[in-house]
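Worksheet for the structure shown next.
FYI, it's all coordinate maths here, none of it is from the lab. Nothing here was measured: the structure is a model prediction, and the numbers come from that model. Please note: Cβ atoms are built from the backbone with ideal geometry, for glycine as well, and neighbour counts cover all protein chains shown.
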Amino acid sequence: MNIHEHQAKAVLAEFGVAVPRGYPAFTVEEAVAAAEKLGGPVFVVKSQIHAGGRGKGRFEGLGPDAKGGVRVVKSVAEVKQNAEEMLGRTLVTIQTGPKGKQVNRLYIEEGAAIAKEFYLSLLVDRETSRVSVVASTEGGMSIEDVAHDTPEKITTFSIDPATGVWAHHGRALSAALGLSGPLAKEAATLLNQLYDAFVDKDMSMLEINPLIVTGDDHLRVLDAKISFDSNALFRHKDMVALRDETEEDSKEIEASKYDLSYIALDGEIGCMVNGAGLAMATMDIIKLYGAEPANFLDVGGGADEAKVTAAFKIIIADPNVKGILVNIFGGIAKCDVLANGVIAAVKQVGLKVPLVVRLEGTNAELGKKIINESGLDVIAANDLADGAEKIVKAVRGAA
């Protein structure tokens with residue numbers, strides 16, 4: 001689960017992290033009130049969406065010369081003007097894709113005198129089961145570009161969860177950023193604070209870009225992005241309360257209600273599979289036969305008829321879906337149960353696109369019998385390759 005920048009800064013501030021003063025604003029009036037509280041003389045008006053590259057983004061309908069989603073202004077009147085221009089408009093960035101995201105809230109923040117910019121992030125390293133710290137002197141830039149163009153400017157080290165942060169970790173961070181004296185001490189303190197927040201809140205990613213040195217020689221977190229481990233959210237109701245469902249795909253929200261693993265994609269063939277590995281293989285083979293999957297959907301090993309019905313409805317709700325491939329290997333979830341779920345869903349919502357079903361495993365023959373006697377216009381597949389080939393042909397033929 002992701003949260004907005006202003007929420008991330010509030011979470012970090014709880015752990016003592018130094019962040020600039022600022023206030024969220026959902027209306028133009030709230031933006032003006034926030035600016036008046038801050039007092040100036042410099043304000044930053046920041047679009048709040050779950051995507052990076054906001055500063056270099058563009059608003060639809062404003063023309064190529066319009067400013068991006070992060071703007072520095074010098075009066076309350078300018079805050080008002082920019083808030084009117086940004087709220088309710090779609091911001092397109094390198095991370096949103098061409099569809100962009102609508103800006104429903106802003107963050108009005110005090111301006112900062114920037115002497116230097118750094119990049120700093122904490123991530124879960126699944127290979128070592130440790131928290132990795134990634135630091136670079138190239139703050140304000142995309143870390144992917146830095147990794148590609150100047151990888152020598154990125155330093156990475158790990159923190160053992162059995163020991164936590166030690167003094168040598170702070171020294172490693174200071175060395176990576178070229179800091180000494182009081183700033184080196186601040187960097188060591190900051191690393192402890194960030195690590196405590198990361199572990200305490202079960203984060204999966206904490207990115208600060210940029211971390212700045214201010215004009216009066218102090219470290220400040222100028223931008224922050226936080227993602228939480230969704231599997232640990234049951235321990236953090238306060239973090240769940242920060243969830244902004246307007247930033248998420250409505251189909252993914254619906255899938256979460258039924259404990260379905262669903263991710264919307266840009267293709268035309270909907271997939272319903274039980275098991276994450278089989279779901280990945282199904283997506284791969286659809287691409288192999290020349291089409292694109294419209295989603296990743298794992299109904300799980302213990303799927304019942306209600307789950308399958310919900311999954312089918314979610315797939316059909318995607319207007320981009322031109323065909324559906326159901327690929328079931330019955331183990332814990334029996335093929336007959338899943339077949340009944342498919343039939344129930346089709347009868348409820350109708351079937352206007354080709355449907356290919358491949359069943360194998362526990363009660364596969366019974367499942368096939370149920371499908372064949374259902375009266376539905378379903379194409380049977382003998383194996384995964386056969387299923388992928390048939391659904392691609394059916395979609396291409398219908399196109």
With springs only between Cα atoms under 10 Å apart, run a GNM on the chain and tell me which of Leu183, Leu120, Leu219 wobbles the most. Leu183
Please give me, ordered by residue number, the trypsin sites (Lys or Arg not before Pro) of the stretch 44-79 that lie in loop per DSSP and have at most 15 other Cβ atoms within 10 Å. Lys56, Lys74
Over the Cα atoms of the chain, each weighted equally, I'd like the Debye log10 I(q)/I(0) at q = 0.06, 0.08, 0.09, 0.14 Å⁻¹, rounded to two decimals. -0.32, -0.55, -0.68, -1.16
Within 10 Å of each candidate Cβ there may be at most 10 other Cβ atoms; applying that plus a DSSP loop requirement, which trypsin sites (Lys or Arg not before Pro) in the stretch 350-399 survive? Lys352
C-alpha long axis of helix 76-86 to longest principal axis of the chain, angle in °: 10
Just Gly111, Gly63, Gly140 to compare: in a GNM of the chain, with alpha carbon springs under 10 Å, which one fluctuates most? Gly63
Rounded to the nearest 0.05, what FRET efficiency do His148 and Ala33 have when you use their Cβ-Cβ distance and R0 = 45 Å? 0.55
How far apart, in nm, are two points set 7 Å out from the Cα along the Cα-to-Cβ line at Ala10 and at Asp249? 2.8
What whole number of Å gives the distance from the Cα centroid of the stretch 158-212 to the Cα centroid of the stretch 282-354? 45
DSSP beta bridge pairing in the chain, given as percent antiparallel to the nearest 5: 75
Which residue, Thr163, Thr137, Thr189, tops the fluctuation ranking in a GNM of the chain built on C-alpha contacts under 10 Å? Thr163
Which ³J(HN,Hα) values, rounded to whole Hz and listed in residue order, are derived for the stretch 113-126 from phi using the Karplus coefficients 6.51, -1.76 and 1.60 in 6.51 cos²θ - 1.76 cosθ + 1.60 with θ = phi - 60°, glycine and proline given as x? 7, 9, 8, 8, 10, 10, 10, 8, 8, 10, 9, 8, 8, 6
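Could you work out the helix-only [θ] at 222 nm for the chain, with each DSSP H run of four or more residues adding -39,500 (n - 2.57) and the total divided by the number of residues, to the nearest 500 deg cm²/dmol?
Values: 13 runs with 144 residues, N = 399.
One gets -11000 deg cm²/dmol as the mean residue ellipticity at 222 nm.
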Using the Cβ atoms and a cut-off under 15 Å, what net charge is assigned to the surroundings of Leu219, where Lys and Arg are +1 and Asp and Glu are -1? -1
Enter the angle in degrees (range 0 to 90, nearest 10) between the Cα long axis of helix 384-398 and the first principal axis of the Cα atoms of the chain, meaning the one along which they spread out most. 90
Filter the trypsin sites (Lys or Arg not before Pro) in the stretch 102-163 down to the DSSP loop ones having no more than 15 other Cβ atoms within 10 Å, then list what survives. Arg126
Spelling out what I want: for every residue of the stretch 152-166, take phi, set θ = phi - 60°, compute 6.51 cos²θ - 1.76 cosθ + 1.60 (Karplus), and round to whole Hz; glycine and proline get x. 5, 8, 10, 10, 10, 8, 10, 10, 6, x, 6, 10, x, 7, 10
Report for the stretch 239-394 the percent antiparallel among DSSP-assigned beta bridges with both residues inside it, nearest 5. 20
If you plug each phi of the stretch 11-20 into the Karplus form 6.51 cos²θ - 1.76 cosθ + 1.60 with θ = phi - 60°, what whole-Hz ³J(HN,Hα) values come out, in order, with x for Gly and Pro? 5, 5, 4, 4, 9, x, 5, 7, 10, x
Using a Förster distance of 45 Å, how high is the FRET efficiency between Trp166 and Asp386, based on the Cβ-Cβ distance and rounded to 0.05? 0.20
Which entries of Lys185/Lys237; Lys67/Lys101; Lys251/Lys352; Lys287/Lys352; Lys56/Lys201; Lys101/Lys287 show an alpha-carbon separation above 25 angstrom in the structure shown? Lys185/Lys237; Lys56/Lys201; Lys101/Lys287
